[in-house]
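Derivation of every value follows stated rules applied to the coordinates shown; laboratory data play no part. What you see is a predicted model, and the numbers here were worked out from it, not measured in a lab. Here the Cβ positions follow ideal geometry from the backbone for every residue, glycine too, while neighbour counts run over all protein chains shown.
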């Protein structure tokens, strides 16, 4: 089964991408809301779509082994990411540290033949054009509806609805919403001044002139699901778990390849 796995920093549009793909292309299997790349999809013919945002950091561990695995990476303006709130909490959900970890991992895969990177801003501005770009990159996808019409046909579950902050047509009104959270932007920029370099590298800003909007804004510390400082011991434990999961996944793929010729015989 061909698998298209969606990744990206949390709050970068991964849930929207999942619902667009599952609604507007012929899909035989989809995850409910999130599914680790290390969790195999059903065997057989067809197309499966799944999503786990920060898997972009780990997906290289299994891409080479599984030729049926394809990856869509969602990139979004870091200012929008760090100021996005999840409907389940009033806290800011992500931060620049996590955005940078995902973006750095994505840069290493930019030339991979089974990886496509799309900017959230471009997807919501030109949904039907980017639907064709996605289909051209992954020709096993067959269109059933237009992305621009997805809200008329989508049936997201409760978790996806919450992450989307409700089902509604694709719109661009949220692209500058970060300007309503300037204290948060200023605090993240002060903590991570390299954000400016990334804004220029990813062509979100040509220079530092946008920072004039931060003049006179109080630099405040805000509650966030993710810590600005990487939890070292927790990450070490996580790395071990990821290694075990990746090895199990690779073993599963190798066994599937061995079993296929026997079934054909």
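Can you tell me how much longer the chain between residue 135 and residue 228 gets when fully stretched, taken as 0.36 nm per residue apart minus their C-alpha distance, in nm with one decimal?
29.8 nm
Per the helix-only calculation at 222 nm, which mean residue ellipticity applies to the chain, given -39500 (n - 2.57) for every DSSP H run of n ≥ 4 and division by its residues, nearest 500 deg cm²/dmol?
Computed ellipticity for the chain at 222 nm equals -12000 deg cm²/dmol.
Label points 7 Å out from Cα along the Cβ direction at residue 253 and residue 203: separation in nm?
In this crude label model, residue 253 to residue 203 measures out at 3.1 nm.
In nm, give the distance between the simple-model label positions of residue 153 and residue 177, each being 7 Å from the Cα along the Cα-to-Cβ direction.
2.5
If packing is taken as the mean number of other Cβ atoms within 10 Å per residue, what is the order of 45-55, 26-36, highest first? Before the final figure, lay out each step's value.
Values: 45-55: 21.4, 26-36: 16.6.
Final packing ranking: 45-55, 26-36.
Fully extended, how many nm does the chain gain between residue 26 and residue 91 (0.36 nm per residue separation, minus their Cα-Cα distance)? Spell out each step's value before the answer.
Working: separation 65, 0.36 × 65 = 23.40 nm, distance 3.62 nm.
Between residue 26 and residue 91, full extension yields 19.8 nm more.
Order 210-217, 8-15 from most to least packed using the mean count of other Cβ atoms within 10 Å.
Answer by packing, highest mean first, reads 8-15, 210-217.
Distance in nm between label sites at residue 217 and residue 64, each 7 Å beyond Cα in the beta-carbon direction?
Here the answer is 4.3 nm between the modelled labels.
Just one of (i) 6, 28, 34, 22, 7, 1, 0, 0; (ii) 6, 27, 33, 17, 7, 6, 3, 2, 0; (iii) 8, 32, 37, 20, 3, 0 is P(r) over Cα pairs in 10 Å bins from 0, in percent calculated from these coordinates, so which is it?
Matching the structure shown: (i).
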